Amino acid sequence: MPLEEYRKKRNLKKTGEPVGYKNKKDENIFVIQEHHATHLHYDFRLKISDVLKSWAIPKGIPLKEKQKRLAIETEDHPLEYANFEGFIPQGNYGAGEVIIWDKGSYENLSEDKIGDAYKKGNIKIHLIGKKIKGEYALIKTKLGEKSWLIIKK
Ligand code: MN
């Protein structure tokens, strides 16, 4: 059950976030959500097979060349989450406002298929959004299982 952790953390009736039953075979999408939780952060999500692989970026996606930012991997989210905006009520997981900061498609530039690149912890992509356009790498660090770096080429 790929979305088990996602559903376990949330009371989806109360929060209005998607349950995640649709398996749209869409193009390669990405979304960046500005999330005003306890600490403001940006959630970066990438469609890999039928879920959104997700990372929380405390300082936001790098905008300058060669800039690196810490990206902490979080649980898989359903594809419909790419359209989610709203206010997660107090007392619920991730309480606070969620705003779509940017959204678009990506091209895989990794040597491997995107799913394999993810497993190897070495993803290279070209993002085509409204605000973000350009090449990025997501590299898993050796320090922790959930810590990655997102680097603007
Ligand atoms: Mn978040």
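The values are calculated or read from the model by the stated rules, or taken from the named source; none is laboratory data. Values in this document were obtained by computation on a predicted structure and should not be read as measured data. All Cβ positions, glycine included, derive from the backbone under ideal geometry; neighbour counts span all protein chains shown. Calculation scope for accessible area: heavy atoms of the full protein, side chains included, ligands and nucleic acids excluded. Shrake-Rupley method; radii C 1.70, N 1.55, O 1.52, S 1.80 Å.
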**OP:** Answer yes if at least one residue in the range 53-60 is among the aliphatic types (A, V, I, L, M) and away from the ligand (no atom under 13 Å from the Cβ), and no otherwise.
**Re:** no
**OP:** For the range 52-74, enumerate the residues that are open to solvent by 10 Å² or more (accessible area, probe 1.4 Å) and in contact with a helix residue (DSSP H, G or I) (Cβ under 8 Å, 6 or more places away or on another chain).
**Re:** K53
Original post:
Does L40 satisfy the condition of being in contact with a strand residue (DSSP E or B) (Cβ under 9 Å, 6 or more places away or on another chain), open to solvent by 20 Å² or more (accessible area, probe 1.4 Å) and modelled with pLDDT of 95 or more?
Top reply: yes
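Tell me, yes or no, whether the range 70-86 has at least one residue that is in contact with a Leu (Cβ under 7 Å, 6 or more places away or on another chain) and away from the ligand (no atom under 15 Å from the Cβ). Talk me through it step by step, then tell me what you get.
We begin by selecting, within the range 70-86, every residue in contact with a Leu (Cβ under 7 Å, 6 or more places away or on another chain); these are 70-71, 76-79, 81-82.
Then keep just the ones that are away from the ligand (no atom under 15 Å from the Cβ); that gives 79.
Yes; the residues of the range 70-86 include at least one that is in contact with a Leu (Cβ under 7 Å, 6 or more places away or on another chain) and away from the ligand (no atom under 15 Å from the Cβ).
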Subject >> Odd one out for N92 among (1) away from the ligand (no atom under 15 Å from the Cβ); (2) out of contact with any Pro (no Cβ under 7 Å at 6 or more places or on another chain); (3) not aliphatic (A, V, I, L, M) >> reply: (1)
Original post:
Where in the range 95-153 are there strands (runs of 3 or more DSSP E), lying fully within it, with 3 or more residues that are open to solvent by 50 Å² or more (accessible area, probe 1.4 Å)?
Top reply: 96-108, 122-128, 133-140
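Within the range 11-29, is there a residue that is among the acidic types (D, E), at pLDDT below 95 and open to solvent by 80 Å² or more (accessible area, probe 1.4 Å)?
Filtering the range 11-29 down to residues among the acidic types (D, E) leaves 17, 26-27.
Next cut, at pLDDT below 95 only: 17, 26-27.
From what's left, open to solvent by 80 Å² or more (accessible area, probe 1.4 Å): 27.
Yes.
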**OP:** Might you let me know whether the range 19-32 holds any residue that is closer than 21 Å to N108 by Cβ, within 13 Å of the ligand (Cβ to nearest atom) and either in a helix (DSSP H, G or I) or within 17 Å of the chain's Cα centre (by Cα) (or both)?
**Re:** yes
